[in-house]
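Structure, as structure tokens:
The values are calculated or read from the model by the stated rules, or taken from the named source; none is laboratory data. Every value quoted in this text rests on a predicted model; they were computed, and no experiment measured them. In this analysis, Cβ positions are derived from the backbone assuming ideal geometry, glycine residues included, and neighbour counts consider all displayed protein chains.
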Amino acid sequence: MVNHAIILDLVERTAAVADGATVAVPLGPGDPSPLAETVAAWCARTGNELLAVRDGGAVIRRGRAPDPLVGLAPGQMPGTRLWMYTNFDCNLACDYCCARSSPQTARRALGIDRVRRLAGEAVQAGVSELLLTGGEPFLLPDLDDLVAACTNALPTTLLTNGMLFRGNRLERLRRMDRNTLVLQISLDSATPDDHDSHRGTGSWQRAVAGIRIAQDEGFRVRVAATLPAGQAHELQPFHAFLDSLGIAPADQVIRALAHRGKATAGLELAIEALIPEVTVTADGVYWHPVSADDTDQLITSEIFPLAEAIAEVRRRFSDYRARANAAAQWFPCA
Amino acid sequence: MSAPLIVGSVAYTPNVVTIWEGIRDYFAGSPAEMDFVLFSNYGRQVDALLQGTIDLAWNTNLAWVRTVAQTKGACRALAMRDTDTVFRTMFVARAGSGLGGLEDLTGRRLALGSRDSAQAAILPVHFLTRAGLTPGEVDFLRIDSDVGKHGDTGRSELDALRAVLDDRADAAAIGINTWEAIGRDELMPGALELFWESPVYSHCNFTALPALSEERATPWVEHLLGMDWDNPAHRPILEMEGLRRWVVPRLEGYASLFEAVREQQIGSRW
């Protein structure tokens, strides 16, 4: 027997609070399961939101929650940018690498067929920018084909340590489309010490040389630095150095160190608190490029169809944000 | 630029602040800007209208009838919600009660809402009289749980329904808005059923006195009627206030309440 008075209690208690506020309504006597169904049906009919049924009561939000993705900057909408890990092996073994890349790491390459299909599906899914990263992409013998598959579809950014621009690899670079490709080269400091302490002796010198080669070849170069919190005081001289290299201010990117992969310190980036950037590796689709080697942020091992993977990331992101908003509402009421 | 129109409203729900701030924002920059003042009951609000503290009162139907009486008909209604033109009182009983019409209430107990609620007390008695039932033939259980708000909180109507569910009354008279809020008889299968529905009548309106000139009132009304359900900026306010569009008043819809007030000798003041 359903406690019919629950409906009357729902009307009275939700009317007593403002739109957007939450209220707890005791379910009263009776089997909680049909009561919960009755509450859900009432909420659906009257434009209120059932947040939870627990401890013998229903938690209701008066009115409907706003779309949790409203207010997000357009570029932050999941699926606006698509990251691809072309490979995981690298000529360096940086001590904070989030992807655990090194010369000993297995390649795990996406390959031209998947990259080509991803680029095509990305256009259909509304992606506006592609980003290729690794590992070190220039280790791949067919990198120019991979890049062409992307730049033929969308504006593309290629992340590299900039250290391998010679011989055949330089020839591959020269075959890339300067109009639709940006090279993002990693450089952590204005002088060799800090950079080399994480990335290896001599790496700073070769990275700076790589920046100059890429510029001389006519490419737009963005420089991205990974900066541990303790080195914030070095920002100003670093920007001055990049200015001297002719790197535009908008192309001087400073990233915080993430406690992911090989890093032993840095920002803790739990999936619930991280705005996603859909990332595809040979192993599947991940929440964010910073966690592309961590199973806790694997969304699906099915890469295709890409649109479904993007939709799943959006759904989970909406869910996390809605829950966070609801929690923010609950605490003042407790 | 003239001073903003001051609109009075009774604070019967925490949502009124959100609603009226939204309406005020909608009028900002228009030829007829407005602000609002909230009252705790309709008596205070109508007093403030008569004293000139406010230019317009967002009145219930009983507050309108009383303002007409106190101004000897000099006040005027400017606009109402589309839902105000088709308001109804619903007579409900336990499912399977066998009640088929008002006449079946003879010798039964009818739960009524607050005594100043047009939809849940004054008009139900009027409809019973029209059905030929004489005083005393129906036993009234009066539940005055929100007097002063004219039943706007709906609390007394919910209490009337509780009385029916608890077998303290055979039937209850409630407004169509409360009937809709509980999901009619669809969310409580086997609990309640509707056995008589009143003719439509008018409910709330914006009431003005002659002191408010047409030059000031007309642009305000024109802008109000321009609120658009399909405009995402307007929609939340319309949803919270319970309408799809603002309309010109349907004054003939107040005839039954004027009659009821006269029959029941309800005073023009509080």
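Assorted remarks:
- Within region B:166-182, if we keep just the residues that are over 16 Å from the mean Cα position of the chain (by Cα) and surrounded by 19 or more Cβ atoms within 10 Å (Cβ to Cβ), the residue that is nearest to the other protein chains (Cβ to nearest Cβ) turns out to be B:Ile182.
- Taking the criterion of being within 11 Å of another protein chain (Cβ to nearest Cβ) and surrounded by fewer than 23 Cβ atoms within 10 Å (Cβ to Cβ), the only residue of region B:142-151 that qualifies is B:Ser145.
- Among the candidates A:Gly47, A:Gly63, the residue that is at pLDDT 85 or above, within 11 Å of chain B (Cβ to nearest Cβ) and over 18 Å from B:Leu187 (Cα atoms) is uniquely A:Gly63.
- First in region A:3-24 and more than 8 Å from chain B (Cβ to nearest Cβ), second anywhere and crowded, with 21+ Cβ neighbours inside 10 Å and of a type in the set (Phe, Trp, Tyr), Cβ under 8 Å, 6 or more apart: A:Leu10/A:Trp42
- Residues in region B:80-99 that are outside any strand (DSSP E or B) and under 14 Å from the mean Cα position of the chain (by Cα): B:Asp82, B:Thr83, B:Asp84, B:Thr85, B:Val86, B:Arg88.
- Scan of region A:198-223 for residues that are more than 21 Å from A:Thr157 (Cβ to Cβ) and outside any helix (DSSP H, G or I), ordered by number: A:Gly200, A:Thr201, A:Gly202
- Some residue of region A:87-101 being under 27 Å from A:Ala307 (Cα atoms) and free of Cβ contacts under 8 Å to residues at least 12 places away in the same chain: no
- Any chance A:Gly126 is within 17 Å of the chain's Cα centre (by Cα), farther than 24 Å from A:Thr295 by Cα, part of a loop (DSSP other than H, G, I, E, B) and of a type outside the set (A, V, I, L, M): yes
- From the list B:Pro232, B:Pro249, the lone residue that is part of a loop (DSSP other than H, G, I, E, B), over 28 Å from A:Glu12 (Cβ atoms), within 15 Å of the chain's Cα centre (by Cα) and assigned by TED's automatic domain parsing to the domain that holds B:Val10 is B:Pro249.
- Test: residue in region A:68-81 that is in the same structural domain as A:Val23 (by TED's automatic domain parsing) and assigned to a strand (DSSP E or B): no
- Any pair with Cβ under 7 angstrom, 6 or more apart, that starts in region B:10-32 at a residue that is under 17 Å from B:Thr207 (Cβ atoms) and ends at one that is among the β-branched types (Val, Ile, Thr): B:Tyr12/B:Thr153; B:Ile23/B:Ile237
Yes or no, residue by residue, for (1) within 19 Å of the chain's Cα centre (by Cα); (2) hydrophobic (A, V, I, L, M, F, W, C); (3) exposed (fewer than 13 other Cβ atoms within 10 Å of the Cβ):
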position: B:Gly190; (1), (2), (3): no, no, yes
position: B:Phe206; (1), (2), (3): yes, yes, no
position: B:Glu214; (1), (2), (3): no, no, yes
position: B:Leu243; (1), (2), (3): yes, yes, no
position: B:Gly253; (1), (2), (3): yes, no, no
position: B:Phe258; (1), (2), (3): yes, yes, no
position: B:Ser268; (1), (2), (3): yes, no, no
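- Put simply, of A:Thr156, A:Thr160 the only residue that is touching a Cys at 6+ places or on another chain (Cβ under 6 Å), under 20 Å from A:Asp144 (Cβ atoms), modelled with pLDDT of 95 or more and buried (at least 20 other Cβ atoms within 10 Å of the Cβ) is A:Thr156.
- Residue in region A:110-121 that is more than 30 Å from B:Ala181 (Cβ to Cβ), modelled with pLDDT of 95 or more and part of a loop (DSSP other than H, G, I, E, B) present: yes
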